[in-house]
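What follows draws every value from the coordinates through simple rules; no lab data is involved. Just so we're clear, the structure is a prediction, and the values are computed from it rather than from any experiment. As a convention, Cβ positions derive from the backbone with ideal geometry for all residues, glycine included, and neighbour counts pool all protein chains shown.
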Amino acid sequence: MTTPSFPATSPLIVTPTRVRYGVLGLLCALSMITYFDRVCFASAASGMAHDLGLSSKEQLKWAHTAFAIAYGMFEIPAGWLGDRWGPRWTLLRIVIWWSLFTVLTGLVGMTVGSLTLGGLTLLVIVRFLFGAGEAGAYPNIARAIYNWFPLHRWEVAQGYVWMSGRIAGGITPLVWAILVSGTAVSAPLVHWRGAFLVFGGLGLIWCGAFAWWFRDRPAEHTLVNAAERELIGSTRQPESHGAIPVRAMLRNRSLWAICLMYSLINYGWFFNISYLPGYLKDRFALKDGDLLGAIYKGAPLWIGAIGCVAGGFIVNGLAQRLADRRLARQVVGCGAMAVCAGAWWGVYRATSLHAFCLLISLAAFCVDLTLGAAWATCQDLGRKHAAVTAACMNTFGTMGAALAAWLTGAIVEHYVAVQAETSHGATVFATDKQTASMAGYQAVFCTYAAVYVVAAVCWCFINSAQPLEPDDAPRAETD
């Protein structure tokens, strides 16, 4: 008997495999690890400042700033490597590097016999190298999404990636409370130095799973069938093996607008993973082992995680209603930034812990509502240069974060110094110092409200229909 043959349209043959969702799972896990390793530094600030002999945690501002500067400096080179050589080996290099420097962060200031392993200066150097290693993670994630998902799923895929990171950042204070601070029902499990060893080890474990499963393109993965490759449209994507299109990038108005917008939203958002835990502890007397306090410290990231996913679905829904994906992104971006500015103004006037956390979480939600649209816009603008375009945006974003890291600490220290001067050189009492510090933060919150107004305006000038190289046709929006 002759074996029956099926036509190409048979459901038994054309049902797509779902390997792309496994890829998305790995990318989401990576996003979580990046936030574990970033946010744990803020959680360790008080203990770290004490062990390094610093007078206040605000003196760690240069460590925060060093990370942000290095992260920004190496974003574009790392993005270019991902476009040229593929995200697989680029991401492996990135994660191995930053995991090792996460571990080294826990060793700074440690006393071994009569030897002390450095102090604040060494910590700044280690955080700079940590930032240099982590640079390019999200641009290469964007490149992987470009390779593995159809166009109209970019915002949703990016939303899940950023949601995962925000959730990880949100639970880090809680994990830190359990591991390091201890709770009412459990003693501390490790010193803050040991926690950096734990978080660094997570990255190395991820590298093993990623190297085994991930491939740069669907065509290279043995478990992907022809139907999934056709669904993704990967066979029509040109590879980028040339130089960075510097002239095209400099001439693209939309790229300038999205870079400025991203620097502004990061300027305000960076407070959530740098100064917020210490601010809540000082202003509202939250204790290190307080589980409710740990939840509040991560609240902007918890709530923001919802915005990450919701933003992708909202853009998709508006795009269908308006028949214009570019306009849908602009509507979401402008509206979210306007509400964010109002929320930060409310934070400036808030007097209770609950109102403060609610408003700062609303601001974070509005920022995260736009992340999928912002990163998908970079994929649209860059196309075969998706990683380097996203890296350019993230570089500017990191510059905004670096400015916030330094300026926030500098403003607070200025207010404390002014208080000391009004005391005619006398020792500033703890209560006077805290009052001056809180006044400094109030001034900082006003700057956050202002920058989000400008960010809303920037979205009006972002047109994803103006790619760097117009001859590259976007992929079909079929699923």
With bins 5 Å wide starting at 0, give me the P(r) of the range 250-385 over every alpha carbon pair, in whole percents. 2, 10, 18, 20, 17, 13, 9, 6, 4, 2, 0
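What number, in percent, do you get for the relative contact order of the chain if the mean sequence gap of Cα pairs under 8 Å and at least 6 apart is divided by its residue count? Write down the numbers at each step before the final one.
Numbers: 849 pairs, mean separation 119.7, N = 479.
Dividing the mean separation by the residue count of the chain yields 25 percent.
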Rounded to the nearest 10 degrees, the helix 75-85 long axis (Cα) sits at an angle to the longest Cα principal axis of the chain of 20 degrees
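What FRET efficiency would be calculated for the residue pair T222, T447, taking the C-beta separation as r and a Förster radius of 56 Å, to the nearest 0.05?
Details: r = 53 Å, r/R0 = 0.94.
According to the calculation, E is roughly 0.60.
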Unit-weight point scatterers at every alpha-carbon of the range 135-218, Debye formula, q = 0.11, 0.13, 0.15, 0.19 1/Å: log10 I(q)/I(0) is -0.46, -0.60, -0.74, -0.97
q = 0.06, 0.13 Å⁻¹, the range 17-459: log10 I(q)/I(0) [Debye, one scatterer per Cα]: -0.25, -1.16
Along the Cα→Cβ direction, 7 angstrom out, place labels at L107 and R18. What is the inter-label distance in nm? 4.4 nm
Placing one equal point scatterer on each C-alpha of the range 319-416 and summing with Debye, one gets log10 I(q)/I(0) at q = 0.18, 0.24 Å⁻¹ equal to -1.01, -1.23
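Which length gain, in nm to one decimal place, applies between L407 and L358 when the Cα-Cα distance is subtracted from 0.36 nm times their residue separation? Spell out each step's value before the answer.
Numbers: separation 49, 0.36 × 49 = 17.64 nm, distance 2.44 nm.
Extra length available between L407 and L358 comes to 15.2 nm.
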Cα centroids of the range 149-163 and the range 187-236: how far apart, whole angstrom? 16 Å
Just for the Cα atoms in the range 287-352, what are the lengths along the principal axes, largest first, rounded to whole Å? 51, 24, 12
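What is the calculated FRET efficiency for L100 to L54, with r their C-beta to C-beta distance and R₀ = 41 Å, to the nearest 0.05? List each step's numbers first, then the result.
Working: r = 25 Å, r/R0 = 0.61.
Efficiency, from the Cβ-Cβ distance: 0.95.
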For every helix of n ≥ 4 consecutive DSSP H residues, a contribution of -39,500 (n - 2.57) applies; sum these over the chain, divide by its total residues, and give [θ] at 222 nm rounded to the nearest 500 deg cm²/dmol. -24000 deg cm²/dmol
On the formula 1/(1 + (r/R0)^6), with r taken between the Cβ atoms of A211 and T351 and R0 of 60 Å, the FRET efficiency rounded to 0.05 is 0.70
Positive dipole terminus of the chain, leading residue within A455, A78, T389 (C-beta point charges): T389
Between the range 312-345 and the range 74-143, how far is it from one alpha carbon centroid to the other, in angstrom? 34 Å
